[in-house]
1. Collect the residues in the stretch 143-179 that are of a type in the set (V, I, T), under 26 Å from the mean Cα position of the chain (by Cα) and under 12 Å from E107 (Cα atoms), keeping them in residue-number order.
2. Taking the stretch 104-115 only, how many residues are out of contact with any Asp or Glu (no Cβ under 7 Å at 6 or more places or on another chain) and farther than 29 Å from S271 by Cβ?
3. Given the conditions (1) more than 22 Å from the chain's Cα centre (by Cα); (2) surrounded by 16 or more Cβ atoms within 10 Å (Cβ to Cβ), report the number of the one that V35 does not fulfil.
4. F7: surrounded by 12 or more Cβ atoms within 10 Å (Cβ to Cβ) and at pLDDT 90 or above, yes or no?
5. Which of the residues that make up the stretch 124-139 are closer than 19 Å to P266 by Cα and without any contact (Cβ under 8 Å) to a residue 24 or more places away in the chain?
6. Return yes when T99 is farther than 22 Å from A247 by Cβ, of a type in the set (V, I, T) and in contact (Cβ under 8 Å) with a residue 24 or more places away in the chain and no when it is not.
7. With the requirement that a residue be touching a helix residue (DSSP H, G or I) at 6+ places or on another chain (Cβ under 7 Å) and within 17 Å of F95 (Cβ to Cβ), what does the stretch 126-172 give you?
8. Could you tell me whether any residue of the stretch 153-163 is under 21 Å from T222 (Cα atoms) and in contact (Cβ under 8 Å) with a residue 24 or more places away in the chain?
Amino acid sequence: MAIITSFRIGLRRRWKSALVQAFGVVGGIWTIAEVTSRASSAANKWLDAHGAMFLTLIMAGFALRFISHIYEVRSVRFSLPTTNTKITIRFGDLFDANTDWLIGVNEFFDSSLGQIVSPRSVHGQVIAKAFGGDEQRFRSATDQALQGFVGEPTARAQEPKIKFPIGTTAVVMNGSHRIFLMAMAHTDLVTHKATSTVPILWNALRGAFQSVAANGNGEPLTMPLVGNGRSSVNIEPQHLLRLIVLAIVDFGRTTALPNELTIAVPEDCFSVLDIREIRRDWSARNGL
């Protein structure tokens, strides 16, 4: 169960600080009782007569503070410094969000499910879920969105053979919402393996956020933990999330981003990603 998992992981991460917090509550209760009993003979008599109740109160305070401190939350929300943007980080499915989406794809904006685009990747799931698995419809919508961008012809055997610069962002419609398809990975012409690095991802995010600012009309935006999938940039999810948030802050200093931006983190990152730590760090920067 999710609740049990939250307590188990939180206990592993925060048991020491939880003890400090819990004993702090005990110390506070004890201090108040000691001062009150010395200032009031009636309070002193009550404590003498209700020692067991007082001990139960202390134990309950200890337990409640310990439990509340170790519980691992599934979402956090905070304001980004120097911007009007509020960011939510949550564990769950990107496709549950009824918002615009920002999705990472390779430099060819491929549409062929299978060896080239894994059906399990976010790119592949967009084709399957937003386009009903219709590769040709995805191809047509993407080609239309890429008009006006200059690509580079390659010797690739499969179509499409034109690759686009990192950061190129095709905007396709998904009902009343938009899908921002961000080129964030280079692709091997033979094996079709997509690869990315931290500098590549940074440039891709900058290009994507420029497109969001120009085309998104300030509508809420949801994005996955880009760089954590098949085009992995080979850094720990915690550092990857920090990088993405930093990119949002960096670009948000000069251009307005959506007031509501959500990062949907896959469930398999729950045990390795501490989102409370991310919130604490950025809240501290805001002086909260």
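1. The initial filter retains those residues of the stretch 143-179 that are of a type in the set (V, I, T), namely 150, 154, 162, 166, 168-169, 171-172, 179.
Then keep just the ones that are under 26 Å from the mean Cα position of the chain (by Cα); that gives 166, 168-169, 171-172, 179.
Within the stretch 143-179, I166, T168, T169 meet the criteria.
2. Pass one, the stretch 104-115, residues out of contact with any Asp or Glu (no Cβ under 7 Å at 6 or more places or on another chain): 104-110, 114-115.
Retained after the next criterion (residues that are farther than 29 Å from S271 by Cβ): 107-110, 114-115.
Looking only at that region, the number is 6.
3. (2)
4. Working: surrounded by 12 or more Cβ atoms within 10 Å (Cβ to Cβ): yes; at pLDDT 90 or above: no.
So F7 fails the test.
5. First pass over the stretch 124-139, keeping only residues closer than 19 Å to P266 by Cα: 124-130.
If the condition is that a residue be closer than 19 Å to P266 by Cα and without any contact (Cβ under 8 Å) to a residue 24 or more places away in the chain, then G124, I127, A128 are the ones that fit.
6. Values: farther than 22 Å from A247 by Cβ: no; of a type in the set (V, I, T): yes; in contact (Cβ under 8 Å) with a residue 24 or more places away in the chain: yes.
Here the answer is no, as T99 does not meet what is asked.
7. I127, K129, F131, G133, F138, V172
8. Kept after step one, since they are under 21 Å from T222 (Cα atoms), are these residues of the stretch 153-163: none.
Checking the stretch 153-163: not a single residue is under 21 Å from T222 (Cα atoms) and in contact (Cβ under 8 Å) with a residue 24 or more places away in the chain.
The values are calculated or read from the model by the stated rules, or taken from the named source; none is laboratory data. Predicted, not measured: the structure shown is a model, and the values here were computed from it. Every residue, glycine as well, gets a Cβ built from its backbone with ideal geometry; the counts of neighbours run over all protein chains shown.
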